[in-house]
1. Taking the conditions exactly as written (within 14 Å of chain B (Cβ to nearest Cβ) and either touching a residue at least 12 places away in the same chain (Cβ under 8 Å) or farther than 30 Å from B:P13 by Cβ (or both)), does A:L67 satisfy them or not?
2. If B:D37 meets every condition in (1) in contact (Cβ under 8 Å) with a residue 12 or more places away in the chain; (2) in contact with a helix residue (DSSP H, G or I) (Cβ under 7 Å, 6 or more places away or on another chain) apart from one, which number is that one?
3. Run down A:L67, A:L63 and say which single residue is of a type in the set (A, V, I, L, M, F, W, C), surrounded by 12 or more Cβ atoms within 10 Å (Cβ to Cβ) and either touching a Ser or Thr at 6+ places or on another chain (Cβ under 8 Å) or within 30 Å of B:L18 (Cα to Cα) (or both).
4. Say whether the condition of being more than 14 Å from every other protein chain (Cβ to nearest Cβ), modelled with pLDDT under 90 and assigned to a loop (DSSP other than H, G, I, E, B) is met by at least one residue in segment B:77-84.
5. Write out, first by first residue and then by second, each pair whose Cβ atoms fall under 8 Å of each other, whose residues are 6+ apart or on separate chains, and whose first residue, in segment A:161-190, is in contact (Cβ under 8 Å) with a residue 40 or more places away in the chain and within 21 Å of B:L18 (Cα to Cα) while the second is among the hydrophobic types (A, V, I, L, M, F, W, C) and surrounded by 14 or more Cβ atoms within 10 Å (Cβ to Cβ).
6. Could you grab me the full set of residues in segment B:12-62 that are part of a helix (DSSP H, G or I) and more than 14 Å from every other protein chain (Cβ to nearest Cβ)?
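The values are calculated or read from the model by the stated rules, or taken from the named source; none is laboratory data. Model, not experiment: these values are computed from the prediction. Cβ: placed from backbone, ideal geometry, glycine included. Neighbour counts: every protein chain shown.
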Amino acid sequence: MLKRLAAASVLMVILACSGPGATPQIAPPQTPKKPEINITLFGKRAHFEISVGLLGIAVIFALAFLLGLALLFALIARRRLRQARAANQKLENEIRERKRAEEEVLQLNTTLENRVAERTQEVQAASQQLAATNRELEAFAYSVSHDLRAPLRGIDGWSLALVEDYGSRLDERAQTYLNRVRSEAQRMGMLIDDLLELSRVTRVEMQQNPVDLTSIASRIADRLGEARTDRRTEFIIAPGLTANGDAGLLEIVLVNLLSNAAKFTGECAVARIEFGQNQKNGESPFFVRDNGVGFDMAFAGSLFGAFQRLHKATEFPGTGIGLATVQRVIHRHGGRVWAEAQLGKGASFYFTVGPAK
Amino acid sequence: MNSKPILLVEDNPSDVDLTKRALESCHIANDLIVAEDGKDAVDYLWGTGAYAGRNHAELPILILLDLKIPKVPGLEVLRRIREDARTRRLPVVILTSSNEEHDIAVSYDLGVNSYIRKPVDFIQFANAIKQLGLYWLVLNEPPPQLR
């Protein structure tokens, strides 16, 4: 429509300027006659009579020019509009794209947040479980502390009551036995205390003092030797062995290793249990060696695990906590513990106290 | 020596008898009231339950309190004693098997007078009882309402 109008206006201008039929017939001034204009437009003949003279022609030209200019502007504007629309469209697309990207980021963020929340929940659940386990362990230790010590006090107290009230009717050996009962009850009380101390390993501070391992081992050996009246046990304890550490905890190590040695030499005609120190690859490990039943090195991996046993309970009774306890104490001292053995040919347990130099 | 009774809160009969024996061995002649659980102890002190009608103005000169006892735990018994103006000043000694740091700390927070861990060795235990008796029944000046 706009195009057609533009064409018409251009035609009008052309006709007005040059067309023979359209050329205004200007009459000579002397014969004033109304000018006539004949235009053939779209096959129709238009007839104008112009009576305004030159001014009229100028107006027509101006009008036609203005019309053309307006059309030109309209065309340009239209083009600009199209361009603007296209740009707009592009912009809108971009905005849409961006929004989509933003939504995607938002979605990803939400997913991430959910995942973080999930993980946090998992971690919280795990830590709650750990806390519950710790509480259970503490409750267990608490119960042991209360309930296992009370009967020992009874054993000790009533043994003493027997000696005090009926001592005159007991011979010396009976009294010795009762004293043995008491000393064992008291020793067990001390061991319970040490084990509780061990279970509190993360809570209590470890003492670091020079410890006379020789005298501790000798004391333990005396006790073990006394208990084995039926067969000969030879203890060979190297003199002057010391280590820097916690005396109570290191005693637990030696009690366990020497008791094990005594236990697993039970079948030997002459049991030989040795405590000493070696020089090996720049390390100076202590060792407890025996000539007992030993064990198959194939099973050595599980030796230091809690409740791990390499022998039938009917052969050699035990709880399987001893070597786990030994390992925990040694690890707390920054040392290491290992074993070498051969089935039927005895076992050697090595340990270092403190990290290798 | 003050002749008011001693209240022993202890559920283990062997420990009750050993405590009696230790008290006798050091000639402490005060009556020994035994509460076998925390509720018994509370009932005795406030004249309720099994002790309904007891003149609860008569208070023990010393309370020997175990912590791990049935029904009402030892620390709760101690808390109630310290909350009531009538019983607040009673000398209370915790006499128990455990030396859990938490128990010791809470006992002192609640205002216990002393905390003794019962040794396994009876000679040490009897010695502890003897010293407790000598201190709280002879040396110590009791609060006014217990004189």
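1. Working: within 14 Å of chain B (Cβ to nearest Cβ): no; either touching a residue at least 12 places away in the same chain (Cβ under 8 Å) or farther than 30 Å from B:P13 by Cβ (or both): yes.
For A:L67, the condition - within 14 Å of chain B (Cβ to nearest Cβ) and either touching a residue at least 12 places away in the same chain (Cβ under 8 Å) or farther than 30 Å from B:P13 by Cβ (or both) - is not met.
2. In the conditions (1) in contact (Cβ under 8 Å) with a residue 12 or more places away in the chain; (2) in contact with a helix residue (DSSP H, G or I) (Cβ under 7 Å, 6 or more places away or on another chain), B:D37 misses (2) alone.
3. Numbers: A:L63 fails: either touching a Ser or Thr at 6+ places or on another chain (Cβ under 8 Å) or within 30 Å of B:L18 (Cα to Cα) (or both).
Of the residues listed, the single one that is of a type in the set (A, V, I, L, M, F, W, C), surrounded by 12 or more Cβ atoms within 10 Å (Cβ to Cβ) and either touching a Ser or Thr at 6+ places or on another chain (Cβ under 8 Å) or within 30 Å of B:L18 (Cα to Cα) (or both) is A:L67.
4. From segment B:77-84, those more than 14 Å from every other protein chain (Cβ to nearest Cβ) are B:77-84; that's our starting set.
Of the ones still in play, those that are also modelled with pLDDT under 90 are none.
No, segment B:77-84 contains no residue that is more than 14 Å from every other protein chain (Cβ to nearest Cβ), modelled with pLDDT under 90 and assigned to a loop (DSSP other than H, G, I, E, B).
5. A:G189/A:L152; A:G189/B:V120
6. To start, the set of residues in segment B:12-62 that are part of a helix (DSSP H, G or I) comprises B:13-25, B:38-46, B:49-51.
Matches in segment B:12-62: B:G38, B:K39, B:D40, B:A41, B:V42, B:D43, B:Y44, B:L45, B:W46, B:G49, B:A50, B:Y51.
Yes/no per residue for (1) of a type in the set (F, W, Y); (2) modelled with pLDDT of 95 or more; (3) over 15 Å from B:D84 (Cα atoms):
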position: B:L23; (1), (2), (3): no, no, yes
position: B:H27; (1), (2), (3): no, no, yes
position: B:V34; (1), (2), (3): no, yes, yes
position: B:Y44; (1), (2), (3): yes, yes, no
position: B:G47; (1), (2), (3): no, no, no
position: B:Y51; (1), (2), (3): yes, no, yes
position: B:R54; (1), (2), (3): no, no, yes
position: B:L59; (1), (2), (3): no, no, no
position: B:I69; (1), (2), (3): no, no, yes
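Yes/no per residue for (1) modelled with pLDDT under 85; (2) among the small types (G, A, S):
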| position | (1), (2) |
| --- | --- |
| A:Q308 | yes, no |
| A:P317 | yes, no |
| A:I321 | yes, no |
| A:A324 | yes, yes |
| A:Q327 | no, no |
| A:H333 | no, no |
| A:E340 | no, no |
| A:K345 | no, no |
| A:S348 | no, yes |
